[in-house]
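S.K.: Below is one structure. I have some questions about it.
The values are calculated or read from the model by the stated rules, or taken from the named source; none is laboratory data. The shown structure was predicted, so the numbers you read here are calculated from the model rather than taken from an experiment. Quick reminder, even Gly has a Cβ in these numbers, built from the backbone with ideal geometry, and neighbours come from all protein chains shown. What goes into the accessible areas is simple: the full protein's heavy atoms, side chains included, and nothing from ligands, DNA or RNA. Shrake-Rupley method; radii C 1.70, N 1.55, O 1.52, S 1.80 Å.
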Amino acid sequence: MLKYLPERLLPWYAEHHRILPWRENREPYRVWLSEIMLQQTRVEAVKGYYARFLQQLPTVAALAEASEETLLKLWEGLGYYSRVRNLQKAARQIMEKHDGRFPQTYDEVRALAGVGAYTAGAICSICFEQPTPAVDGNVLRVVSRFTASDAPITDERAKRETARALAEIYPEGHCGEFTQALMELGATVCVPNGAPLCESCPLHDICEAARQGRQRELPVKAAKKPRRVEERTVFVLRCGEKLAVCKRPSRGLLAGLWQLPDVAQTLTAQEALAQAEGWGVHPRGIEKLIRRTHIFTHVEWKMTGCYLQCAEEAAFSWFTEREIKEKIGLPTAYRQFLEE
């Protein structure tokens with residue numbers, strides 16, 4: 001059945017694809033950057049980040065040489081910060097091992113830091129016209145419904161089998177368009193939440209799930225483990241015009257990023273005052289307490305924000321809100337407390 005995909009999807013993609021900034025230029029650095037940014041992030045959210053990143057770091061060489069503070073500030077709010085750290089590691093690999101030229105074979109691209117099978121497939125097909133499928137959730141969903149497969153798409157074997165089957169039907173000279181057509185169909189027509197837009201699908205009359213009326217049942221996914229819930233008290237410590245921030249540990253969640261001071265439990269007002277006094281900032285009293293939630297992939301933080309006026313700049317680094325906004329890359333989990 002899959003053999004019919006190129007002849008159906010290529011004309012559809014030519015007519016219906018979205019105009020996106022990373023589709024305007026197939027230069028591999030730009031495609032690579034977009035694919036990394038788009039992991040776990042909505043297209044609309046990425047557009048602004050993509051433009052700002054390229055404006056400041058327009059080449060692999062510029063990325064390789066950038067300071068950590070520059071990188072983290074450019075990535076602020078996108079989350080999954082290991083992505084941008086791996087981007088720089090890979091840029092340095094390109095400079096050192098490939099003389100600054102982006103590698104052009106699948107194995108070499110796959111060997112770059114932070115580049116998995118999906119990203120390598122996307123780069124090699126879109127930039128270098130190679131028959132290397134980029135199998136993500138969108139593509140798995142399209143293939144699962146098209147073939148009415150009951151194989152769980154969360155199973156790595158299903159991903160490998162889908163990639164192998166698609167590689168056999170890639171149209172010579174149109175590999176990049178075919179990769180993007182599969183992605184586009186999954187993102188805009190064969191959608192994950194709610195009913196797929198079957199009436200707009202170029203595959204509708206030959207789709208096995210549509211024939212069987214099983215579009216809502218597919219694809220099959222294994223049950224997710226519930227997220228671990230953690231309680232935290234976040235301190236918004238203000239002394240004059242400055243706020244306290246500190247660096248997180250070099251390992252673990254949000255490793256090495258700036259944060260507002262916090263403790264891994266929910267404190268009462270009196271306990272929060274005692275904690276602040278222990279840091280030597282001499283709190284003058286609590287202004288307010290607010291509750292917020294932040295969700296990571298596997299962890300959910302239940303957060304109490306404690307706002308305190310302080311008499312001393314002690315224990316932490318202190319910056320004005322403008323300095324934090326312009327220079328300090330503060331993760332969304334903490335930044336939300338400065339937006340009150």
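S.K.: Taking the Cβ of Pro331 as the centre, find all other residues whose Cβ is under 10 Å away and add up their charges (Lys, Arg: +1; Asp, Glu: -1).
M.R.: That sum, taken over residues with Cβ under 10 Å, equals +1.
S.K.: Tell me which trypsin sites (Lys or Arg not before Pro) from region 197-234 have a DSSP coil assignment and no more than 16 other beta carbons within 10 Å of their own.
M.R.: When the trypsin sites (Lys or Arg not before Pro) of region 197-234 are filtered for loop state and at most 16 Cβ neighbours within 10 Å, Arg214, Arg216, Lys221, Lys224, Arg227 remain.
S.K.: Are there GluC sites (Glu not before Pro) in region 167-212 that DSSP puts in a loop and that have at most 12 other Cβ atoms within 10 Å, and which ones?
M.R.: Glu168, Glu172
S.K.: Check which residues have an amide H placed less than 5 Å from Cys310's amide H, if you skip close sequence neighbours.
M.R.: Arg238, Cys239, Gly240, Arg284
S.K.: Now a separate question. Which of the GluC sites (Glu not before Pro) found in region 264-313 are in a DSSP loop and have at most 13 neighbouring Cβ atoms, other than their own, within 10 Å?
M.R.: When the GluC sites (Glu not before Pro) of region 264-313 are filtered for loop state and at most 13 Cβ neighbours within 10 Å, Glu312 remain.
S.K.: Then there is this: Of the listed peptides 323-330, 132-139, 59-66, what is their order by residue-averaged count of other C-beta atoms within 10 Å, with the highest listed first?
M.R.: Highest mean packing first, the order is 132-139, 59-66, 323-330.
S.K.: Follow-up. For the chain, what is the calculated [θ] at 222 nm in deg cm²/dmol (nearest 500), taking -39500 (n - 2.57) for each run of four or more DSSP H residues and dividing by its residue count?
M.R.: It comes out at -12500 deg cm²/dmol, rounded to the nearest 500.
S.K.: According to a simple spin-label model (label point 7 Å from Cα along Cα-to-Cβ), what is the distance in nm between Glu129 and Glu65?
M.R.: Each label point is offset 7 Å from its Cα along the Cβ direction, giving 3.4 nm.
S.K.: Additional query: At what distance in angstrom do the alpha carbon centres of region 58-93 and region 158-223 lie from each other?
M.R.: Distance between centres, Cα-based: 33 Å.
S.K.: One quarter of the convex hull surface, Cα atoms only: what value does that give for the chain in nm²?
M.R.: Average of the hull's projected areas for the chain equals 19.0 nm².
S.K.: Can you tally the net charge around Val263? Count Lys and Arg as +1, Asp and Glu as -1, for every other residue whose Cβ sits under 12 Å from the Cβ of Val263.
M.R.: Charge balance near Val263 sits at -3.
S.K.: Quick one: pull the percent of accessible area on the chain belonging to carbon and sulfur, 1.4 Å probe, ligands and nucleic acids left out.
M.R.: That share works out to 49 percent.
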